[in-house]
Amino acid sequence: VNATDVIISCMSLGIMVTMNQRLDAEIITLVTDEFGYNVEFVGLDLEEMIQDDKDLEENLKTRPPIITVMGHVDHGKTSLLDHIRNTNVIAGEAGGITQHIAAYSVECINNQSITFLDTPGHEAFTAMRARGAQVTDIAIIVIAVDDQVMPQTKEAISHAQAANVPMIFVFNKMDKPNAKSDKIREQLANLNLLVEEWGGKYPSQEISAKLGTGVDKLLEKVLLLSELLDLKSNPNKPAVGTVIEASLDKGRGYITTMLLQGGTLKVGDYVLAGINHGKVKNILDERGKSIHSAGPSKPITILGLNGAPTAGDKFKVFKDEKLAKQLASRREQLQREQNIRSQKHLTLDEIGRRI
Ligand code: GTP
Ligand code: MG
């Protein structure tokens, strides 16, 4: 059957299509029926084929918790992480405002490892906070006691609730003169969030990120809650995880920061991330040191992808390089078609501007 007849047949069914358009199974069935054919769907969906198998209980090992720190701008998220890591990141931030998600793995009490994600508090970065909440096990909500529950505090709480992630509240800047945290507890109570000291279920901790007071107690609470969550994953399988950010580096090519959620990633593995793929040439830890492999909950940066995947894209290691490439090009094709389709909905005004 030639293409024009198929298009005409679609039109008679009230569906306007072009020569290069993908049709869904339902329409294909209707159209083939028009021509007196029966349709049989034989190809397995590639995307379905790569879905993760459920790990067997005996293969699961305890993994470090992933903790996302969220809250209103300037309430002290980066200062808290700086104190925990013994570094000084805020000093290097333009205007002291965090503009991207940063991930760190830290060894604390009893050499237990914790992975922290720092998120920006500025209102412009909603998507990053949402992504941070989606990949985390626990959300720390930082609120400065010299301020109050602010719009992005509420937004961060909503992200954590939407992702069904437990929260720990941190009352920061307790070193400030006349610092009082009860006002904040009350504001939280008004949002139906009762902290433990007030008979509710949410752990909280007063701290001064500047002086470091209360931070050890906070870490104890984080580890206690993580233990209750009984976090496990299988380290002995090809790695899977989420892209945190990616960019093009002049000297090194595409560099992709990601969070490993299961399995172990090794140099030489073949990775598919969104529409990009490639062989891992180098793995760097968060201090920029080359490592040979990395396991669950570790934040790493890899070199070797053929482009910059989008933040939030899932990634996966493939034994079969060809399958990874095939999937990448299929995703790219679908994305291109989607773009063409969405361009069709241009308003007259936009067309005017384009011309
Ligand atoms: P964004 O990432 O831009 O949302 O800000 P942030 O939440 O990471 O805040 P940041 O750590 O950059 O701190 C903001 C300002 O508050 C800085 O000037 C810090 O020095 C100050 N600050 C943070 N923690 C404390 C604290 O415990 N006490 C006092 N006095 N100042 C603090
Ligand atoms: Mg910050």
Filter segment 129-146 for residues that are within 16 Å of ligand 2 (Cβ to nearest atom) and in a strand (DSSP E or B); the one that is nearest to the chain's Cα centre (by Cα) is 139
Within segment 56-88, the residues that are surrounded by fewer than 17 Cβ atoms within 10 Å (Cβ to Cβ), closer than 29 Å to residue 231 by Cα and either modelled with pLDDT under 85 or among the small types (Gly, Ala, Ser) (or both) are 87
Of (1) touching a Cys at 6+ places or on another chain (Cβ under 9 Å); (2) in a helix (DSSP H, G or I), residue 83 satisfies every one except (1)
Across (1) touching a residue at least 40 places away in the same chain (Cβ under 8 Å); (2) under 30 Å from residue 338 (Cβ atoms), residue 249 clears everything bar (1)
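Confirm whether residue 123 is over 16 Å from the mean Cα position of the chain (by Cα), charged (D, E, K, R), over 18 Å from residue 312 (Cβ atoms) and away from ligand 1 (no atom under 11 Å from the Cβ).
Numbers: over 16 Å from the mean Cα position of the chain (by Cα): yes; charged (D, E, K, R): yes; over 18 Å from residue 312 (Cβ atoms): yes; away from ligand 1 (no atom under 11 Å from the Cβ): no.
In short, no.
Condition check: among the hydroxyl-bearing types (Ser, Thr, Tyr), without any contact (Cβ under 8 Å) to a residue 60 or more places away in the chain and more than 14 Å from ligand 1 (Cβ to nearest atom). Does residue 158 satisfy that?
Numbers: among the hydroxyl-bearing types (Ser, Thr, Tyr): yes; without any contact (Cβ under 8 Å) to a residue 60 or more places away in the chain: yes; more than 14 Å from ligand 1 (Cβ to nearest atom): yes.
Yes: the conditions hold for residue 158.
Out of curiosity, is residue 93 more than 15 Å from residue 298 (Cα to Cα), near ligand 2 (Cβ under 10 Å from one of its atoms) and of a type in the set (D, E, K, R)?
Working: more than 15 Å from residue 298 (Cα to Cα): yes; near ligand 2 (Cβ under 10 Å from one of its atoms): yes; of a type in the set (D, E, K, R): yes.
For residue 93, the condition - more than 15 Å from residue 298 (Cα to Cα), near ligand 2 (Cβ under 10 Å from one of its atoms) and of a type in the set (D, E, K, R) - is met.
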Note on segment 310-331: residues modelled with pLDDT under 90 and either among the acidic types (Asp, Glu) or within 20 Å of the chain's Cα centre (by Cα) (or both) are 320, 331
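With the requirement that a residue be assigned to a helix (DSSP H, G or I) and either out of contact with any Phe, Trp or Tyr (no Cβ under 8 Å at 6 or more places or on another chain) or hydroxyl-bearing (Ser, Thr, Tyr) (or both), what does segment 174-209 give you?
Here is the first cut: in segment 174-209, the ones assigned to a helix (DSSP H, G or I) are 182-190, 196-198.
Passing the criteria: 182, 183, 186, 187, 190, 197, 198.
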So, first residue more than 16 Å from ligand 2 (Cβ to nearest atom) and in a strand (DSSP E or B) in segment 105-119, second residue small (Gly, Ala, Ser) and modelled with pLDDT of 95 or more, Cβ within less than 7 Å, six or more apart or across chains; the pairs are 115/297
For segment 121-132, indicate whether the set of residues that are over 27 Å from residue 241 (Cβ atoms) and free of Cβ contacts under 8 Å to residues at least 60 places away in the same chain is non-empty.
yes
Next on the checklist: Checking the structure you have, find out if any residue of segment 185-200 is aliphatic (A, V, I, L, M) and either within 30 Å of residue 289 (Cβ to Cβ) or within 16 Å of ligand 1 (Cβ to nearest atom) (or both).
Outcome noted: no
Log entry, pairs with first residue in segment 174-199 being within 11 Å of residue 145 (Cα to Cα), second being basic (Lys, Arg), beta carbons closer than 7 Å, six or more apart or on different chains, reads 175/210; 179/173
Residue 126 passes all but one of the listed conditions (1) closer than 21 Å to residue 301 by Cβ; (2) touching an Asp or Glu at 6+ places or on another chain (Cβ under 9 Å); (3) polar (S, T, N, Q); (4) more than 9 Å from ligand 2 (Cβ to nearest atom); the exception is number (1)
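The values are calculated or read from the model by the stated rules, or taken from the named source; none is laboratory data. Worth saying up front: this structure is predicted, and the values here are computed from it rather than measured. Neighbour counts are summed over all protein chains in view; Cβ atoms, including those assigned to glycine, are modelled from backbone coordinates with ideal geometry.
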